[in-house]
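Presented below is the structure to which this report refers.
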Amino acid sequence: MDLTWTPEDAAFRLEVREWLEANVPHQGVSAYGGLETIGPLSDWERALRDAGYCAVSWPVEYGGAGFNELKATIFNEEYDRVGAPRRLNYPALGLLGPTLMLAGTPRQREELLPRSPALRRRVVSGVQRNPTPAPTSPRFEPVPSAAATTSS
């Protein structure tokens, strides 16, 4: 097995590196630190989405970039190398989404997956955050259990 990078892989790595170095927010936004960090981290998630780097290993039909494993690995290596913030929507990107892709009903996949990587729906620890809360009082809505949402 040949494990050397192809010229295309090297070019992709350079493209990702240059974009990340030019766009990663380094002004104190490194991880979720309470409600005051949601705005800057949401802006970062939108920047990733607009550049085509949101949900890099997700299929395109579910709102992802559709990268193969090698391209996703290259992206993740560069993301870590520049010290980019931990993803605000990680529970949806890394846990909920892959689970629904494998075991969700067609209705769950249709409703939840395309909106999750684009932050149209935030899912954190089993609680779904309303994307347009009242300015003074955040509203949280329970995410239906799998048993409650399996019927069509």
In order over the stretch 18-23: 3J(HN,Hα) from phi, Karplus 6.51/-1.76/1.60, θ = phi - 60°, whole Hz, x for each Gly or Pro, gives 5, 5, 4, 4, 7, 10
Computed over the stretch 47-89, the relative contact order (Cα-Cα under 8 Å, seq sep at least six) in percent reads 23 percent
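Each reported figure results from applying straightforward, stated rules to the coordinates on display, with no laboratory input. Being a predicted model, the structure only gives us computed values, none of them experimental.
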